[in-house]
Structure formats: C-alpha cells, structure tokens
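Read through the structure below, which is laid out as structure tokens, and then see the notes.
What follows is calculated from the coordinates using simple rules that are stated; it is not laboratory data. Keep in mind that this is a model prediction, so the values were computed, not measured. For neighbour counting, all protein chains shown are included, and Cβ atoms are generated from backbone atoms with ideal geometry for every residue, glycine included.
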Amino acid sequence: NELELKEALLHDEDFLSLTMRMNTPTAELIGRSLRDIEFPDGCLVALLRRGGSMLIPRGDTILQEDDRLTVLGAKEGLDALTERFHTH
C-alpha cells in the first residue's frame, strides 16, 4: 500500500534508481516495455520519472532515453541490478 511504499523509499538500501542512457548498459532497455524486461524476483518498478513528471509505470510502459526508474526490492535483487547495469 501507499504507506509501505513511502516507508521503503525512506531506506536507501531498499531501492535503486536506473537512468536510461545511450552508450551505457541501460541502453538495452530503451524502446522496450517493462513487461519484456526480466527483473530479479522480489523487485518492483515503483516509479518512472520522465521529463518533469512522475508516473506509476505499467507493464506496457515503453522506456525512453533519460527515463529514470525507481526499483524497490530485496538487497539481493537490487545488487543483481546494480551489477547488471553497473550503477554506483
């Protein structure tokens, strides 16, 4: 629920931000729908920042360059995403 989401966002270790950029590992996600991207078990794409807007993403949301995803999840899943997309 909304309270759980807010509480999770308060803990840095419980979420990861991924920005879609060309010439980076996240470039493979640009132009793909969220449902077609394999995220680790227990990870949830909770928020999409696009331009000046914040959106609740859906499975049919197509990622664009400069989109920023906020992914919530367990440490193991977030660590796997960090390794896959080389985010620090």
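Out of the stretch 45-60, which residues are in contact with a helix residue (DSSP H, G or I) (Cβ under 9 Å, 6 or more places away or on another chain) and either of a type in the set (D, E, K, R) or free of Cβ contacts under 8 Å to residues at least 40 places away in the same chain (or both)?
Val45, Leu47, Leu48, Pro57, Arg58, Gly59, Asp60 - these are the residues of the stretch 45-60 that are in contact with a helix residue (DSSP H, G or I) (Cβ under 9 Å, 6 or more places away or on another chain) and either of a type in the set (D, E, K, R) or free of Cβ contacts under 8 Å to residues at least 40 places away in the same chain (or both).
Can you run down the residue pairs with Cβ atoms below 7 Å, 6 or more apart or on separate chains, where the first is in the stretch 61-88 and under 12 Å from Thr26 (Cα atoms) and the partner is among the β-branched types (Val, Ile, Thr) and part of a loop (DSSP other than H, G, I, E, B)?
Listed pairs, sorted by first residue: Leu63/Ile30; Gln64/Ile30; Glu65/Ile30.
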